[in-house]
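Values quoted throughout were computed directly from the atomic coordinates according to the rules given, and no laboratory measurement underlies them. Just so you know, these numbers come straight off a predicted model, no measurement behind them. For neighbour counting, all protein chains shown are included, and Cβ atoms are generated from backbone atoms with ideal geometry for every residue, glycine included.
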Amino acid sequence: MPPAQIALYDMSKYIPETLLNPVQAAFPGVRLIDWEGGPGRQQYERDSSVMIHWSEDLTIERAGGNPAFLPRCVTQAEYVINLGNMKGHRLAGVSFCAKNHFGSISVSRADRGGVPWQTAPGAAGLHPYISVHDFRIGNPRWESYERPMGTYNPIVDLMGHQHLGEKTLLFMVDGLYATSYENAEIEARNRWQSSPFNGDWTSSLFISQDGVAIDSVCLDFLRTEPTMDQVYGSVDNYLHEAALAHNPPSGTSYDPEGDGVPLGSLGAHEHWNNPIDKAYSRNLGTGSGIELVKP
């Protein structure tokens, strides 16, 4: 494939030189697309003809509720490879492939003159609907409270959208250096205590063609690790909703295109039998769900 037909993107971030330089050295011509553009980068372009239709009105977050659109690099893509990081999250509990699509939306704030807003998830109003435990930092603007199991989660709309999850051929999670929360620096305390890491870095890469299954497995790993202190509350609510999107516990009719056709199941969700064997139903021969293949 010609390098110019490959794009690495994140609509809400700046692609740093630590990523830009090695990619350009190894794959000259590959496009890197981010919030602002600049040397070696392109600024993203919004496709105003493709709007995300959230399956529930997003009315809770201050300054939220603004329409969300997709970038042209996504709507014009033939397929997507979703590469997320393996980390905890202070609001969502975890962040793998599914939440990675918070970097796939473009939103403008009506109260700020209708200009595109870098913190697009906040402008869309997503945060209160993905909160898995109370998040209090002394600033009411950013505080959210635990959403119980069996409630609508807009992450499912992103997972099932025809230009996002439906186009994704491969889901990957970079677990080389897992961290306990978003934006955390890599430090010695990030070495994992649980088996098989036993005081070392996670040094792992997860690959799947099932976006629900890969997040389910990564969640099991994080839940077992004592240093992952954000992984509690209704952290797997979005996985229950996604696996049962055709008949979710919340009763939501998930329809991210707004075309009247609700989503079907987006993949397999289950938990392993125990943290030692790490076996799922296909490993055990008891079902047709997840199989964890280890080297």
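Report the full-extension gain for the segment residue 57 to residue 294: residue separation times 0.36 nm, less the Cα-Cα distance, to one decimal in nm. Can you show the working numbers first?
On the way: separation 237, 0.36 × 237 = 85.32 nm, distance 4.16 nm.
Length difference between fully extended and current span is 81.2 nm.
State the three equivalent ellipsoid semi-axes of the range 25-149, derived from the C-alpha gyration tensor as the square roots of 5 times its eigenvalues, in descending order and whole Å. If you can, show how the numbers build up before the last one.
Details: eigenvalues 145, 69, 40 Å².
That gives 27, 19, 14 Å for the three semi-axes.
If you take every DSSP beta bridge fully contained in the chain, what fraction is antiparallel? Give it as a percent rounded to 5. Could you put the intermediate results ahead of the total?
Values: 19 of 31 bridges.
Of those bridges, close to 60 percent are antiparallel.
Report the calculated FRET efficiency for residue 112 and residue 271 (r = Cβ-Cβ distance, R0 = 51 Å), to the nearest 0.05. Mind showing how you got there, number by number?
On the way: r = 42 Å, r/R0 = 0.83.
It comes out at approximately 0.75.
Computed over the range 124-207, the P(r) tail beyond 15 angstrom holds 73 percent of alpha carbon pairs.
Over the range 1-44, the fraction of Cα-Cα pairs per 5 Å bin, rounded to whole percents and listed from the shortest bin up, is 6, 26, 35, 24, 8, 1. Each listed q (0.14, 0.15, 0.34 Å⁻¹) maps to a log10 I(q)/I(0) for the range 255-295, found by the Debye formula over equal Cα scatterers with no solvent: -0.46, -0.49, -1.18.
Here residue 166 and residue 1 are evaluated by their C-beta separation; at R0 = 25 Å the FRET efficiency comes out at 0.75.
The GNM of the chain, with springs linking C-alpha atoms under 10 angstrom apart, assigns the highest mean-square fluctuation among 203, 131, 234 to 203. With the simple model of a label 7 Å out from the Cα in the direction of the Cβ, residue 284 to residue 23 spans 4.0 nm.
Specify the inter-centroid distance of the range 52-108 and the range 179-244, based on alpha-carbon positions, in whole Å. Measuring centre to centre over Cα atoms gives 19 Å.
Cβ crowding within 10 Å ranks 73, 97 as 73, 97, fewest other Cβ atoms first.
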